[in-house]
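Colleague: Handing you a structure now.
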Amino acid sequence: MSIAMPQPVHAHDKERISNDASSTMALVRESTSPKPEREISRTPSPTPSELDLLNGVRQPKSLKYKIRIVAILILIIVVIILVEVFHDKIVNALIPVTRWLHDTKAGWLIPILVLIALSFPPLFGHELVAMLCGLVWGLGEGFGIVAAGTILGEIATYYLFRHCLAARGKRLELTNMRYGTLAHIVREGGLPIAILVRYSSFPAHFTTAVFSTCGMSFWVFLVAAVVSLPKQLVLVYIGVALASSDGKSNKVQHIVIGVTAAVTVLAFLYIRRLMGRAKPAVVYARRKDRQRKQMEMGRTV
């Protein structure tokens, strides 16, 4: 049996071994290093939930959500019935408050300050204050007070979200589909859509938050807020009708409430239709945002 003697390593063999080692290390580095930008420049595909939205597939509502909706509807019906049944008792109970507000010097400032405070989400109660103003000061003065408090409160909310919560609003556009689609149609539609949104059933302070963070100018927002003041006039008139026991006033009150409800529902349905059409654009914006984040991660790693 012969034993092979070790062979000397020649210069060209050393070069080959070095090249093989370099190639192996390069492959390792390539497999572990982040992909270059040209390889992640493709827009990411929609997520399963986004595909469901685009294809109109609705996820089943949870039992908690259904219970909440039913509870809200029951509460509204109960309030309407109680107001109709105990109309006179409610008015008589409010007489001391109405007299105090009416006779107090500068008492009209109180509802204005309350309306301004209630303009900041998630607070609510504008409707009750507006009806109380109609009950105390009548249609003309009551509407003037409600209009002043509403406009001042909306302006304060607009600037709060514009300067303090703008970044959060931009994030919501990419994470909350309802917020994102509403912001998209308002941005694209301008003043006409802004007015229509104000007349819909969306809460006023919610729409103001959307207007301020989606890039709407202050003057467009202000015009939309002023044009939508007839909604407040209706509430003031309901308060005036509450103070009257005239059957004709009650009939007019019911007609006004019915017309207002119809306008509100129709505006809401149209806005929802526009929001449905805006879903592809919002989903695409979300995909581009994910692509941007991936590229930023690729640069920092």
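Colleague: Once you put a point 7 Å from the Cα of residue 89 and another 7 Å from the Cα of residue 163, both along the Cβ direction, what distance in nm separates them?
Modeller: Here the answer is 4.9 nm between the modelled labels.
Colleague: Which order do 67, 257 take by accessible area at a 1.4 Å probe, largest first?
Modeller: These residues rank, largest area first, as 67, 257.
Colleague: Grab the Cα-Cα distance for residue 80 and residue 269, subtract it from 0.36 nm times how many residues apart they are, and report the gain in nm with one decimal.
Modeller: That works out to 65.7 nm of additional length.
Colleague: Turning to a different aspect of this structure: Could you put 277, 198, 178, 292 in order of accessible surface area, largest first, with the 1.4 Å probe and the full protein assembly present?
Modeller: Numbers: 277 150, 198 20, 178 130, 292 105 Å².
From most accessible down to least: 277, 178, 292, 198.
Colleague: If one computes the Cα centroid of region 42-110 and of region 140-194, what distance in Å separates the two points?
Modeller: If you average the Cα positions of each part, the centres end up 19 Å apart.
Colleague: Something else: Using mean Cβ contacts within 10 Å as the protection proxy, how do 218-225, 143-150, 165-172 order, highest first?
Modeller: 143-150, 218-225, 165-172
Colleague: Determine one quarter of the surface area of the Cα convex hull of region 59-135, which equals its mean projected area, and express it in nm² to one decimal.
Modeller: Values: hull surface 28.3 nm².
Average projection, Cα convex hull of region 59-135: 7.1 nm².
Colleague: So, one more: Need the full-extension length gain, residue 99 to residue 292, defined as separation in residues times 0.36 nm minus the C-alpha distance. One decimal, nm.
Modeller: Length gained between residue 99 and residue 292: 63.3 nm.
Colleague: Which residue, chosen from 236, 224, 159, occupies the Cα position most advanced towards the positive end of the dipole of region 159-243, where the dipole is computed from +1 (Lys, Arg) and -1 (Asp, Glu) charges on Cβ about the Cα centre?
Modeller: 159
Colleague: OK, next. P(r) of region 158-205 in 5 Å steps, Cα pairs, percent per bin?
Modeller: 5, 20, 23, 31, 19, 2
Colleague: Anything over 30 Å Cα to Cα? Flag those among 105/231; 231/288; 61/251; 231/251; 61/89; 89/231, in the order listed.
Modeller: On the way: 105/231 28 Å; 231/288 39 Å; 61/251 39 Å; 231/251 19 Å; 61/89 40 Å; 89/231 26 Å.
Beyond 30 Å between Cα atoms: 231/288; 61/251; 61/89.
Colleague: So for region 59-198, what percent of the C-alpha to C-alpha distances run longer than 28 Å?
Modeller: Details: 3903 of 9730 pairs.
Of the Cα pairs, 40 percent sit more than 28 Å apart.
Colleague: Also, quick follow-up: Report the per residue volume, in Å³, of the convex hull enclosing the C-alpha atoms of region 159-301.
Modeller: Numbers: hull volume 15.9 nm³, N = 143.
Convex hull of Cα atoms, per residue: 111 Å³.
Colleague: Give me the distance in nm between label points sitting 7 Å out from Cα along the Cα-to-Cβ direction at residue 66 and residue 243, one decimal.
Modeller: According to this spin-label approximation, the distance is 4.6 nm.
The values are calculated or read from the model by the stated rules, or taken from the named source; none is laboratory data. As the structure is a prediction and not an experimental result, all values here were calculated from the model. Here the Cβ is made from the backbone with ideal geometry for all residues, glycine too, and neighbour counts use every protein chain on show. Note: accessible area is taken over every heavy atom of the protein model, side chains too, but ligands, DNA and RNA are not part of it. Shrake-Rupley method; radii C 1.70, N 1.55, O 1.52, S 1.80 Å.
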